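*Asks:* Here you go, one structure.
The values are calculated or read from the model by the stated rules, or taken from the named source; none is laboratory data. Fair warning: this is a prediction, and the values are worked out from it, not measured in the lab. Glycine also receives a Cβ, built like all others from the backbone with ideal geometry; neighbour counts cover every protein chain displayed. With ligands, DNA and RNA removed, areas are computed over all heavy atoms of the protein, side chains included. Shrake-Rupley method; radii C 1.70, N 1.55, O 1.52, S 1.80 Å.
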Amino acid sequence: MTYTLVDLQTWPRAAQFRFFRTYQQPHYATTTRMDVTHLMQRKADGISPYRACLYAIGAGLHAVPELCMRFRGDTVVAHDMVTLSMTVPTDAGSFGYAYVPYIADFDTFEAQAAALIGEVAKGGVLQANSGERDDLAYLSCMPWLDYTAINNALPGPDDCIPRVTWGKFVERDGRWDMAMTLEVHHALVDGAQVGAYFAAVQGALDSV
């Protein structure tokens with residue numbers, strides 16, 4: 001993993017970082033609606049809506065530097081690239097974790113994602129991250145539910161890896177939308193960055 005150290009002496013958010021690091025519940029989740037009308041139109045061209053959502057989420061994460069930052073104790077690092085880790089149902093009826101590096105070119109990303117997810121679907125080792133990596137974002141699709149809010153199981157206040165969840169595609173008056181949730185650590189990410197993330201995801205969904 002390639003990263004740079006964040007200089008806390010010059011980082012504008014250093015005071016906020018130190019403040020929210022003291023919280024026992026420093027995470028917050030924001031849910032909004034994403035327009036997937038263009039994506040549903042592209043489905044007729046053979047585009048996988050699921051993998052297109054993975055790509056758009058990756059684009060959104062990499063558009064916001066704070067979402068690629070992680071802290072290790074009192075040290076903050078900024079990753080050049082984060083890998084998307086998602087749950088994948090297996091043929092045996094359980095699930096495993098796939099790890100898909102983000103690539104800015106959609107066609108290359110889509111082919112890589114299809115291959116890596118397909119391998120995990122065959123079953124085998126769970127491949128859960130036990131803390132050895134922090135250059136990740138955790139993703140989970142809930143295609144059965146058009147939910148209004150959701151949060152995630154978290155091991156504790158020092159976990160600063162973002163979580164992204166998205167739900168069922170719903171048609172409304174000829175257009176399609178879905179719920180998407182971003183859960184973050186307040187020591188690294190404020191509301192402005194959350195808003196920038198959703199705007200970047202929407203842009204990617206509209207350009208696939």
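Residue-wise test of (1) under 15 Å from the mean Cα position of the chain (by Cα); (2) modelled with pLDDT of 95 or more; (3) open to solvent by 10 Å² or more (accessible area, probe 1.4 Å); (4) closer than 25 Å to Val125 by Cβ.
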site	(1), (2), (3), (4)
Ala52	yes, yes, no, no
Tyr55	yes, yes, yes, no
Pro65	yes, yes, yes, no
Arg70	yes, yes, no, yes
Val76	no, yes, no, no
Val82	yes, yes, no, yes
Ser85	yes, yes, no, yes
Pro89	no, no, yes, yes
Ala92	no, no, yes, yes
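*Asks:* How about segment 52-85: which of its residues are in a helix (DSSP H, G or I), among the hydrophobic types (A, V, I, L, M, F, W, C) and farther than 18 Å from Ala114 by Cα? Before you say what the answer is, go through the steps one by one.
*Replies:* Applying the first criterion (in a helix (DSSP H, G or I)) to segment 52-85 yields 52-62, 65-68.
Still in the running and among the hydrophobic types (A, V, I, L, M, F, W, C): 52-54, 56-57, 59, 61, 67-68.
Residues satisfying the conditions are Leu61, Leu67, Cys68.
*Asks:* Could you identify the single residue in Ala200, Ala149 that is within 18 Å of the chain's Cα centre (by Cα), of a type outside the set (S, T, N, Q), modelled with pLDDT of 95 or more and surrounded by 15 or more Cβ atoms within 10 Å (Cβ to Cβ)? Working first, answer last.
*Replies:* Numbers: Ala149 fails: surrounded by 15 or more Cβ atoms within 10 Å (Cβ to Cβ).
Matching residue, one of Ala200, Ala149: Ala200.
*Asks:* Hey, any hits in segment 106-114 for a residue that's over 23 Å from Gly167 (Cβ atoms), over 17 Å from the mean Cα position of the chain (by Cα), crowded, with 18+ Cβ neighbours inside 10 Å and modelled with pLDDT of 95 or more?
*Replies:* no
*Asks:* Further question: Pairs, please: C-beta under 8 Å, at least 6 apart or cross-chain, first residue under 25 Å from Asp134 (Cβ atoms) and in segment 179-208, second modelled with pLDDT under 95 and open to solvent by 10 Å² or more (accessible area, probe 1.4 Å)?
*Replies:* Thr181/Asn151; Glu183/Asn151; Glu183/Asn152
*Asks:* Among Val189, Val164, which is over 15 Å from Arg33 (Cα atoms) and within 14 Å of the chain's Cα centre (by Cα)? Quick ask: steps written out before the conclusion?
*Replies:* Details: Val164 fails: over 15 Å from Arg33 (Cα atoms).
The conditions single out Val189.
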